[in-house]
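Below: one structure, written as structure tokens.
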Amino acid sequence: MDQKINQLYEEGKVDQAIHALIEKIDHNPRETANYLQLATYLLDQGSAEQARELLTKARGIAEDPQALVYDLAVCDYALGDFDQALARLAQIPDDDMNMYQKALVYLKLGQSQKALAYALSIKESDDRVKELIGDIWLALGELEAARASYLEIAEGQRSSKLNFLLGLTYFSQDREQAEEFFAKSKKQDPKYYQKAKDQYESLLKLLSQGKAGAGKEQ
């Protein structure tokens, strides 16, 4: 990764960073890293289709086309092409990144047991992995297991989503604790809180009646 260009991007100078990468690609079209860096920025900006087009073209030009496969799978995932994402991921070794992405895809496909198998096979577990494992347990209706995974993430690192889902896992057992997490979620991001509340409305009704329910996928 070109650190000077990345610094521009981190400073919010998105157009300058992207333009600089395009110039580097024009100057040296076989350099694989430039395509990967540009695709990362495009994905971050919500332009997954552009990123996929870039990487698809790059496969016929770049020095190491195999290195583009994982990022192409990420583009497929972002665009909802889950079967294609899995097909690409099958072309590369099952390292931690690959297993994380496979777990994400299987979760979206509703194959939560497969998703869990891949997620639990990840060797280096960071907050992103803990959150994913919690999401999978939630999709399986295992609220206590989901809660345990979410609680492994330090309080200061929990997003509005995490605080809402923690509230969800407490709802049937400790309403006061649940409401505290919901309040934190709402304070952090009122729009997300309302969206999540609507999304999980039917589950909250079941939990309020003391019945077991399965989580909805993220």
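Restriction of the GluC sites (Glu not before Pro) in region 123-152 to DSSP coil positions whose beta-carbon has at most 11 other beta-carbons within 10 angstrom yields Glu124. Descending by average beta-carbon neighbour count within 10 Å, the peptides 51-62, 84-95 line up as 51-62, 84-95, the highest first. Phi angles of region 156-173 translate, via the Karplus equation with coefficients 6.51, -1.76, 1.60 and θ = phi - 60°, into HN-Hα couplings of x, 9, 7, 7, 4, 4, 4, 5, 5, 5, 4, x, 4, 6, 8, 3, 7, 10 Hz per residue; Gly and Pro are given as x. Each helix, a run of at least 4 DSSP H residues, gives -39500 (n - 2.57); summed and divided by the residues of the chain, these come to -21000 deg cm²/dmol at 222 nm. Oblate is the label for region 123-218, because a/c, from the alpha-carbon gyration tensor with a ≥ b ≥ c as root eigenvalues, is 1.5 or above and a/b does not exceed b/c. Applying the Karplus relation 6.51 cos²θ - 1.76 cosθ + 1.60 with θ = phi - 60° to region 89-102 yields 3J(HN,Hα) values of 4, 5, 7, 10, x, 7, 8, 4, 4, 5, 5, 4, 5, 4 Hz, where x marks Gly and Pro. Model label sites at Gln177 and Asn6, defined 7 Å from Cα along the beta-carbon direction, differ in position by 3.9 nm. Using a cut-off of 30 Å between Cα atoms, the listed pairs Lys4/Lys130; Lys13/Lys123; Lys130/Lys184 include Lys4/Lys130; Lys13/Lys123 as exceeding that distance.
Across region 148-155, coupling constants 3J(HN,Hα) worked out from phi with the 6.51/-1.76/1.60 Karplus curve, θ = phi - 60°, read 4, 5, 4, 5, 5, 8, 4, 3 Hz, and Gly and Pro carry x.
When Tyr200, Tyr192 are compared by accessible area at a 1.4 angstrom probe, the order from most to least is Tyr192, Tyr200. Between region 142-176 and region 1-30, the alpha-carbon centres lie 39 Å apart.
The values are calculated or read from the model by the stated rules, or taken from the named source; none is laboratory data. Because the structure is predicted, anything quoted here is derived from the model rather than measured. In this analysis, Cβ positions are derived from the backbone assuming ideal geometry, glycine residues included, and neighbour counts consider all displayed protein chains. Just so you know, the surface numbers come from the protein's heavy atoms only, side chains and all, with ligands and any DNA or RNA stripped out. Shrake-Rupley method; radii C 1.70, N 1.55, O 1.52, S 1.80 Å.
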